Amino acid sequence: MTKARLLRLSVVLVSIFMILLIIVYWDNVGTAHFYLHTSFSRPRSPGAIAAGEDWEALPDVDEFLAKLLSSSLKQNSSIPRRTEQLLVQGSNKPVLSNLEENVRGYDWSTHKDRNSLDQEKLQVERQRTLREFCANSSFTFPTKERSFDDIPNYELNHLIVDDRHGVIYCYVPKVACTNWKRVMIVLSESLLDQGLPYRNPLDIPREHVHNTSTHLTFNKFWRRYGKFSRHLMKIKLKKYTKFLFVRDPFVRLISAFRSKFELENEDFYRRFAIPMLKLYSNHTNLPTSVSEAFGAGLKVSFSDFIQYLLDPRTEKMAPFNEHWRQVYRLCHPCQIDYDFIGKLETLDEDAAYLLQLLKVDRLLRFPPSYRNRTASSWEDNWFAKIPLAWRQQLYKLYEADFVLFGYPKPENLLKD
C-alpha cells in the first residue's frame, strides 16, 4: 500500500515538474533558447555573466525558475551558433516624399564622429541622477511609489524582450524607436524575409516594425506563461540588459505634433484632430477624411494640441497616446533598474557604445543617423504664442521626465 502511494506521489511530482518545464521553455516566438551573452546588471561591472552564477536571494518559485533557466543556458552553450557576420550598410534609404522628409526630419547623410564622450562616466551620472530622484521622498509624481507588481500588464507593452541575447528595450515613441525596434527584430530573429531572418535593420519595412505581433513584450507573458509570468519577468529584469532612449520632453512633444498633425494621418485625424478642432477651435461639420480637411485648411494648431494635453477631460476619457505619454509612464524607471540610459541628443555615441556593451557590434550597426530636425533651439518659437500659465502647467505635467533624466528646467519658457 505504501509503495502504491509513493508511486502515485512520484507520478504527480514528475508531472508537475514536466508542466513547469513546458511553461518555461514553450515559446512560439523563438524564446526557447535563453542566451545570456550580454547581461551586465548592477552592481557588477559591464560584461558577460556566466550561466549558473548566484542569483541572490529570490522567492522559492523565482529561484526554481532561475535554476531552470541556468540549466537551459548550460545546455545551449554547447550549441553551435551561426558564424557572426558584419552587416554592410548597403541598403537604400526608404523612399520618402519631400513633405515627410521635411516633417519627420530624416537625415541619411554620413556624419563624422564627434568628440568621443566618456560613455562609462556618462552612464554612471545618468543612472545616479535617476536613482537619486526615485529615492527622494520630497520629489513626487503619479505612480512613483508603486512596486513592479502593482504595474498592470497592459502598461508593460513597451518592454520588448530579446531572449537570444538577453536584452530588454523599453521603446519611447519619437526617440528613434523605429530603428531600435528594427535592431531588436534583427537580434531576436522574430521576423523572417523569404524564410530567413532579417540581417540588416534597414531592410525591415516600417509597417512590420510597428506591428505589435512582431515583438515579444512583457504584456504578452501572461497568456504564454500564466501565473508564472511575473516570476519570469523579474528573473529577466534581474539578468538581462535593460535600456531605453529619451529626449528633451518639450522637444519630444513638438516632434509628436509635427509627425501626427502636420502630416496626413487618417487615424490620428479621426481619433484626435477632430475632437481637438471641435473643442478648442469651435469647428463643426468637419470633413470625415484628413485629405479633405487639409485641402480646406483645417489643421490642428500647436495651441489646440497643448490645450488638449492640459484638459483634465483628456485623461478621463483615455490615457495619453504613447507618442505624448510621459516616459515615466511608458518605461517605469523607478520600478525597473535600467542598465543603460541613452539620449537622442547623443544618439550616435550612445548607440555605438550600447551595441559594444551588448557584444553585438559585429552583428549589426545602428542604422544611419536619425536626426529629427525638431531642435531644442526651436522651443522659443513653438511656445511663443502659448500663454505663460499653459507653459507652466505643461512643465508640471512633464516635470518628472525632465528631472529623472537630467534635462534642465526650461526657465526661459516658464517666466515672463
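Give the calculated FRET efficiency between Arg146 and Glu315 to the nearest 0.05, with a Förster radius of 22 Å applied to their Cβ-Cβ distance.
0.80
Taking 7 Å along the Cα-to-C-beta vector as the label spot, tell me the Ala384-Asp267 distance in nanometres, rounded to one decimal.
3.4
Please work out the Cα convex hull volume for the range 300-353 and give it in Å³ per residue. Working shown, then result.
Values: hull volume 6.4 nm³, N = 54.
So the per-residue Cα hull volume is 118 Å³.
Trypsin sites (Lys or Arg not before Pro) within the range 382-416: which are DSSP loop residues with at most 12 other Cβ atoms inside 10 Å? List each step's numbers first, then the result.
On the way: sites: Lys385, Arg391, Lys396, Lys415; in loops: Lys385, Lys415.
Qualifying residues, ordered by number: Lys385, Lys415.
Simple spin-label model, 7 Å along Cα-to-Cβ: Glu120 to Asn412 in nm?
Here the modelled spin labels are 3.6 nm apart.
How far apart, in nm, are the 7 Å Cα→Cβ label points at Phe402 and Glu292?
Distance between the two pseudo-spin positions: 4.2 nm.
Sequence-distant or interchain residues sharing an amide H contact under 5 Å with Phe245, placed H: which?
Val172, Gly342
Which of Leu358, Thr284, Pro408 sits farthest toward the positive end of the charge dipole of the range 283-416, with +1 on the Cβ of Lys and Arg and -1 on the Cβ of Asp and Glu?
It is Thr284.
With the cut-off at 1.5 for a/c, could you classify the range 297-416 from its C-alpha gyration tensor as rounded, prolate or oblate?
prolate
Let me make sure I get this right: for the range 187-276, a, b and c are the square roots of the gyration tensor eigenvalues over alpha carbons, sorted descending. Under 1.5 in a/c it's rounded, otherwise prolate if a/b > b/c, else oblate. Which is it?
prolate
Taking the Cα centre of the range 230-340 as the origin, how large is its charge dipole in debye, to the nearest 20, when only Lys and Arg (+1) and Asp and Glu (-1) carry charge on their Cβ atoms? Could you put the intermediate results ahead of the total?
Values: 18 positive and 12 negative charges, 148 e Å.
With Lys and Arg at +1 and Asp and Glu at -1, about 720 debye.
Restricting to DSSP loop positions (anything but H, G, I, E, B) with no more than 16 other Cβ atoms inside 10 Å of their own Cβ, which trypsin sites (Lys or Arg not before Pro) remain in the range 197-258?
Answer in residue order: Arg199.
Taking all protein chains in place and a 1.4 Å probe, what share, in percent, of the accessible surface of the range 231-388 do carbon and sulfur account for?
49
Given axes a ≥ b ≥ c from the Cα gyration tensor, I'd like to know whether the range 108-254 is rounded (a/c under 1.5), prolate (a/b larger than b/c) or oblate. Spell out each step's value before the answer.
Working: a/c = 1.80, a/b = 1.10, b/c = 1.64.
Because a/c hits 1.5 or more and a/b fails to exceed b/c, the range 108-254 counts as oblate.
Loop-only check: which GluC sites (Glu not before Pro) in the range 123-196 are DSSP coil with at most 12 other Cβ within 10 angstrom?
On the way: sites: Glu125, Glu132, Glu145, Glu155, Glu189; in loops: Glu145, Glu189.
Sites meeting the loop and neighbour criteria: Glu145.
Keeping all protein chains in place, calculate the accessible area per residue for the range 225-382 (probe 1.4 angstrom), answer in Å². Display every interim value, and only then the final one.
Details: 6170 Å² over 158 residues.
Spelled out: the 1.4 Å probe surface of the range 225-382, per residue, equals 39 Å².
The values are calculated or read from the model by the stated rules, or taken from the named source; none is laboratory data. Computed from a predicted structure; not experimentally measured. For neighbour counting, all protein chains shown are included, and Cβ atoms are generated from backbone atoms with ideal geometry for every residue, glycine included. For accessibility, only protein heavy atoms count, side chains too; no ligands or nucleic acids. Shrake-Rupley method; radii C 1.70, N 1.55, O 1.52, S 1.80 Å.
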